[in-house]
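The values are calculated or read from the model by the stated rules, or taken from the named source; none is laboratory data. Bear in mind the structure is a predicted one, so any value in this text is a computation, not a measurement. For neighbour counting, all protein chains shown are included, and Cβ atoms are generated from backbone atoms with ideal geometry for every residue, glycine included. With ligands, DNA and RNA removed, areas are computed over all heavy atoms of the protein, side chains included. Shrake-Rupley method; radii C 1.70, N 1.55, O 1.52, S 1.80 Å.
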Amino acid sequence: DAGVIQSPRHEVTEMGQEVTLRCKPISGHNSLFWYRQTMMRGLELLIYFNNNVPIDDSGMPEDRFSAKMPNASFSTLKIQPSEPRDSAVYFCASSFSHSQETQYFGPGTRLLVL
Amino acid sequence: KNQVEQSPQSLIILEGKNCTLQCNYTVSPFSNLRWYKQDTGRGPVSLTIMTFSENTKSNGRYTATLDADTKQSSLHITASQLSDSASYICVVSPGRDNNAGNMLTFGGGTRLMVKP
């Protein structure tokens, strides 16, 4: 298996632009997680899905952030409009649906908003 | 408020030496505790997962311990190698249901550097 796939790996955009991050989870996994990592705040869980359904989005910073999972093999995290403080590394992870299961992380998308 | 505190923030050791990283948490109720290793520029990789009933778990040269009474965990690295240079993150999951996400609480990580 190729592992969790994220695209793009790097994104540089200007403030106010829309940014879409993409994730393909490991085949067979039915939980998917979006994280954000910064030097100041460390790793933060933004939202997670179970069987394509959003379960907990309490970590989503504000309405500018939205996430979708239209099917079991694809998810997007969208920021509209983007702001400089959104600059971070965004990770997607997947696992089987159980709190004891290991989460497998993708390589991350490094976002810079100018 | 659920919190996970890790110490030290950073650590430098010589290749071949052992080291121990600490994690204290205030998460309650407690479901499980995970240690992740994150190499620079990469995503975290799981090292161990322990439930509240487990005291120790090993993964090669990595050994994690858990004291649920004192709410402390440690990660011991034996015979360190240059490739152990990374950040080590402690993550605690509250609750005891099957909810995979379940408001995970992350520590700030310990940045380990192993020098030759």
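Taking residue B:32 as the residue in question, decide whether it is free of Cβ contacts under 8 Å to residues at least 60 places away in the same chain, touching a strand residue (DSSP E or B) at 6+ places or on another chain (Cβ under 9 Å), over 21 Å from residue B:115 (Cβ atoms) and not acidic (Asp, Glu).
no
What number of residues within the stretch A:35-45 satisfy the criterion of being open to solvent by less than 50 Å² (accessible area, probe 1.4 Å), of a type outside the set (Ser, Thr, Tyr) and within 10 Å of chain B (Cβ to nearest Cβ)?
5
Can you go through A:15, A:39 and tell me which one is out of contact with any strand residue (DSSP E or B) (no Cβ under 8 Å at 6 or more places or on another chain) and closer than 21 Å to residue A:114 by Cα?
Residue meeting the stated conditions: A:39.
Can we say residue B:40 is surrounded by fewer than 19 Cβ atoms within 10 Å (Cβ to Cβ), within 14 Å of chain A (Cβ to nearest Cβ) and within 16 Å of residue B:113 (Cα to Cα)?
Judged against the criteria, residue B:40 is a match.
Results for (1) open to solvent by less than 60 Å² (accessible area, probe 1.4 Å); (2) touching a Ser or Thr at 6+ places or on another chain (Cβ under 9 Å); (3) closer than 24 Å to residue A:91 by Cβ, shown as yes or no for each residue.
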site	(1), (2), (3)
B:3	no, yes, yes
B:8	yes, yes, no
B:15	no, yes, no
B:31	yes, yes, yes
B:61	no, yes, no
B:75	yes, yes, yes
B:84	yes, no, yes
B:87	yes, yes, yes
B:91	yes, yes, yes
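What about residue A:12, is it under 19 Å from residue B:38 (Cβ atoms) and either surrounded by 14 or more Cβ atoms within 10 Å (Cβ to Cβ) or away from chain B (no Cβ under 14 Å) (or both)?
no
What residue, of A:48, A:90, is surrounded by 21 or more Cβ atoms within 10 Å (Cβ to Cβ), closer than 26 Å to residue B:107 by Cα, at pLDDT below 95 and not hydrophobic (A, V, I, L, M, F, W, C)?
Being surrounded by 21 or more Cβ atoms within 10 Å (Cβ to Cβ), closer than 26 Å to residue B:107 by Cα, at pLDDT below 95 and not hydrophobic (A, V, I, L, M, F, W, C) holds for just one of A:48, A:90, which is A:48.
Residue by residue through the stretch A:53-77, note down the ones that are free of Cβ contacts under 8 Å to residues at least 40 places away in the same chain, surrounded by fewer than 16 Cβ atoms within 10 Å (Cβ to Cβ) and away from chain B (no Cβ under 13 Å).
Within the stretch A:53-77, A:61, A:62, A:63, A:64, A:66, A:68, A:70, A:71 qualify.
Of the residues that make up the stretch B:28-37, is at least one more than 12 Å from every other protein chain (Cβ to nearest Cβ) and of a type in the set (S, T, N, Q)?
Yes, the stretch B:28-37 contains a residue that is more than 12 Å from every other protein chain (Cβ to nearest Cβ) and of a type in the set (S, T, N, Q).
Go through (1) closer than 15 Å to residue A:112 by Cβ; (2) out of contact with any strand residue (DSSP E or B) (no Cβ under 8 Å at 6 or more places or on another chain) and name the single condition residue A:10 misses.
Tallying (1) closer than 15 Å to residue A:112 by Cβ; (2) out of contact with any strand residue (DSSP E or B) (no Cβ under 8 Å at 6 or more places or on another chain), residue A:10 fails exactly one: (2).
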